[in-house]
1. Lys99 versus (1) part of a helix (DSSP H, G or I); (2) over 20 Å from Val161 (Cα atoms): which is the lone unmet condition?
2. Got a number for residues in segment 83-96 being surrounded by fewer than 12 Cβ atoms within 10 Å (Cβ to Cβ) and in a helix (DSSP H, G or I)?
3. Being in contact (Cβ under 8 Å) with a residue 60 or more places away in the chain, among the hydroxyl-bearing types (Ser, Thr, Tyr) and over 13 Å from Ala106 (Cβ atoms) is true for just one of Thr153, Thr173, Thr186. Which residue is that?
4. Is it the case, given these coordinates, that Asp168 is open to solvent by 50 Å² or more (accessible area, probe 1.4 Å) and either among the charged types (D, E, K, R) or in contact with a Gly (Cβ under 8 Å, 6 or more places away or on another chain) (or both)?
5. Here is a check on your reading of the model: is Asp116 open to solvent by less than 30 Å² (accessible area, probe 1.4 Å), out of contact with any strand residue (DSSP E or B) (no Cβ under 6 Å at 6 or more places or on another chain) and either more than 30 Å from Ile88 (Cα to Cα) or among the small types (Gly, Ala, Ser) (or both)?
6. Here are some residues: Ala133, Ala157, Ala142, Ala163. Which one is loosely packed, with under 13 Cβ neighbours inside 10 Å and not acidic (Asp, Glu)?
7. Collect the residues in segment 148-193 that are modelled with pLDDT of 80 or more and basic (Lys, Arg), keeping them in residue-number order.
8. Which of the residues spanning segment 126-150 are more than 16 Å from Val110 (Cα to Cα) and of a type in the set (Val, Ile, Thr)?
Amino acid sequence: MKNKKNKKNKKDIERAEKGLQNILSAAGRDDNDKVIPLSGMKSKIEAKTNIDSVATSDQKMRSGFNFRAFIRKPAYSITLAALTIIIIISAVIPLKYKKTIGYEVAFSGVNKDLYDDDNVFCDLLQYLGLNDADIDFQGCQASCSLVVIDLKTEEEAMMVVSAFTQIDTDKITPQVITIQTNEMKTLLDQANEKFLN
């Protein structure tokens, strides 16, 4: 019986030795020809990444703007709703605002001699090219007052102030008055009026 056991052990040992020799011979073989070098791996990965990114950008260009995906994001949908409401309000709902329709210049402290000769002021307005403007003589007490009316722009009002104060520099005190009216228009109409006129 011992003999049988020894033979069996010997066979097991021979088999183990043979397996070990096979493993060692396989380990000793040069099989680096199947291994891809690191630089080659890197270039393959970069090429694959470039192809994927080009394909992805092409798909995005072909698909265009995805409105459903845009609306599904809460921040975008809230922004879109707010912009829609603002556009509707600006186009439909009229709002009150003040519109400047002209200017007047009031003068106090006018010399009585100049006041009595109303042609001086009328001639001065015509000399300035303000044919539509008119003068409203207010009356006199210690000094006289008058108002130049129907001036269209602030520049015309400032031109009248500078011309009239040169006539009597010591006593005349001017006051530019803006004539405004209340109007009701939509924001869209107000913008059109402001930028197109």
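The values are calculated or read from the model by the stated rules, or taken from the named source; none is laboratory data. Since the structure is predicted, the reported quantities are computational estimates derived from the model, not experimental observations. Cβ atoms come from the backbone with ideal geometry, glycine included; neighbour counts cover every protein chain shown. These accessible areas exclude ligands, DNA and RNA; they are computed on the full protein's heavy atoms, side chains included. Shrake-Rupley method; radii C 1.70, N 1.55, O 1.52, S 1.80 Å.
1. Result: Lys99 passes all but (1).
2. 7
3. On the way: Thr153 fails: in contact (Cβ under 8 Å) with a residue 60 or more places away in the chain; Thr173 fails: over 13 Å from Ala106 (Cβ atoms).
Going through Thr153, Thr173, Thr186 in turn, the sole match is Thr186.
4. No: the conditions fail for Asp168.
5. no
6. Working: Ala133 fails: loosely packed, with under 13 Cβ neighbours inside 10 Å; Ala157 fails: loosely packed, with under 13 Cβ neighbours inside 10 Å; Ala163 fails: loosely packed, with under 13 Cβ neighbours inside 10 Å.
Exactly one residue qualifies, and that residue is Ala142.
7. Lys152, Lys185
8. Ile149
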